[in-house]
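Here the structure comes first, spelled out in structure tokens, and everything after it is commentary.
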Amino acid sequence: MKKFCIISNDLYTVRNLRADLLLALAEQGNEIHILAPNVAECPNEQGYFQGLGFHVHGYFLKKTGTNPVHDSKAIFSLYQQLKQIQPNKILSYTIKPAMYGTLAAYMAGIGERYVLLSGLGFAFQETHTGYFKYIKKIFDTIFSFAISKATRVIFQNPDDLKLIAQLGYLKGVATGVVSGSGVNMQHFQRCPLVQDQNKNNRPIFVMIARLLRDKGIYEYIDAIRQVKKNHPEAEFHLVGWIDQNPEAIPQALLDDWINEGLVKYWGKLDDVRPALAQSNIMVLPSYREGTPRSVLEAMAMGRVVITTNAPGCKETIVDGVNGYQVYVASADELANAMFKLIAQPQDMTRMGQASFDIVKARYDVHLVNQQMITFMQGTF
């Protein structure tokens, strides 16, 4: 039996984003191993995977910051685990596992080393100054060497592939592009819009994201203020959480927004379907994505979408058909798109149907998993 190992920075995201892929690989007769840090903090996810017969292993990782001691410890921890597991293939995703997992697998003699870059975050922003400029130089050196040891690097949109190639990281490395992570349409089933359920045309918007500046959270709040002046009946929901990231918003600011009555805050949800079911329009004003899973989930449930013309986001929207594209970092553009949808409630059902049709044709998880497996074919 062949062994397949996935390396992540969070067991929770493995279950939410990669479980269907691992199940597909297991159905092909592969023994599945999962490497993630702090697995003891995720007993539900650990129990879920073990119940499927998968093997869950922990390793050391500091998710944020660049510290030579911590980074070396992470690589050695992964190396020890991989030497013991001896998988035939590894797939690592998110930036740190992509770097350290690929290096450790190379050192451990693992033959096939795949990387999934599901989005380019803080490290790839165009401007860095001071301390972050120094950190970026260290990152570039490690990332470039690690990527050169990958068998193939897989992207979720062509713009990310183009950027990484232009930066010179992909010399001699095979690449591929898949349609995001896919969405399980049996789980995220289409349901009527709120206005169709209760004949109430009150607009209800929801944003689902980590609460980071580059997810467009400030633009969402600024647009809400503009819309509320003319449409105080409009509702705005927010689903997400503050994590350890240089771009995270302050907790006090979130508390101010809630107390001001700007948003109904759901917090972090393991299951976002109730929040989507109670909304008509999904909003994601992100500055850059791989392919936003939250948007795909909303589309699968038949929601209208407003997102940006940023890489990864723009591919999900046919402007004016299933939603609207707006410029990155423009609260005015976002507010105008909201005004348009408020003014045309009769079009919402048609646009929601278009969202469902697009996601079914391009982003169904079974289609995307087949793309991933094809890119990783070889010894399997």
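Under a Gaussian network description of the chain, with springs only between Cα atoms under 10 Å, the residue in L22, L161, L269 that fluctuates furthest is L269. Each of K171 and E260 was given a label point 7 Å from its Cα along the Cα-to-Cβ line. The distance between the two points is 5.0 nm.
If you take all other residues with their beta carbon under 10 Å from the beta carbon of D71, and give Lys and Arg +1 and Asp and Glu -1, the sum is +3. For the stretch 71-86, the Karplus equation 6.51 cos²θ - 1.76 cosθ + 1.60, evaluated at θ = phi - 60°, returns couplings of 5, 5, 5, 5, 4, 5, 4, 5, 4, 4, 5, 5, 4, 6, 6, 6 Hz by residue, with Gly and Pro reported as x. Each Cα pair under 8 Å and six or more residues apart adds its separation to the average, and for the chain the resulting relative contact order is 15 percent. The stretch 18-73 and the stretch 341-380 have Cα centres separated by 27 Å. Between the beta carbons of Q344 and K63, assuming R0 = 41 Å, the FRET efficiency works out to 0.45 to the nearest 0.05.
The ranking of V304, V194, V183 from fewest to most other beta carbons within 10 Å of each one's beta carbon is V194, V183, V304. Fewest neighbouring Cβ atoms within 10 Å first, the residues S355, S148 line up as S148, S355. Between C191 and K228, the modelled labels are 2.7 nm apart [label points 7 Å from Cα along Cα→Cβ]. The alpha carbons of the chain give a radius of gyration and a Dmax of 21.0, 63 Å, in that order.
Normalised by the number of residues in the stretch 194-362, the average gap of Cα pairs under 8 Å and 6 or more apart makes the relative contact order 24 percent. In the chain, helical runs assigned H by DSSP with n ≥ 4 each contribute -39500 (n - 2.57); averaged across all residues and rounded to the nearest 500, the mean residue ellipticity at 222 nm is -12000 deg cm²/dmol. Of L25, L78, L254, the residue with the greatest mean-square motion in the GNM of the chain, using alpha carbon springs below 10 Å, is L254. Exposure proxy for F54, F155, F49: other Cβ atoms within 10 Å of each Cβ, ordered fewest to most, give F54, F49, F155. Using a Gaussian network model of the chain in which every pair of alpha carbons under 10 angstrom is joined by a spring, one finds that among T141, T316, T307 the greatest mean-square fluctuation is at T141.
Using only the alpha-carbon atoms of the stretch 194-362 as identical scatterers, what base-10 log of I(q)/I(0) does the Debye formula give at q = 0.14, 0.15 Å⁻¹? With no solvent term, the Cα-only Debye profile gives -0.65, -0.75.
Every number in this text was worked out from the coordinates using simple rules, so none of it is lab data. Quick caveat: nothing in here was measured; it's all calculated off a predicted structure. We place every Cβ from the backbone using ideal geometry, glycine too, and count neighbours over all the protein chains shown.
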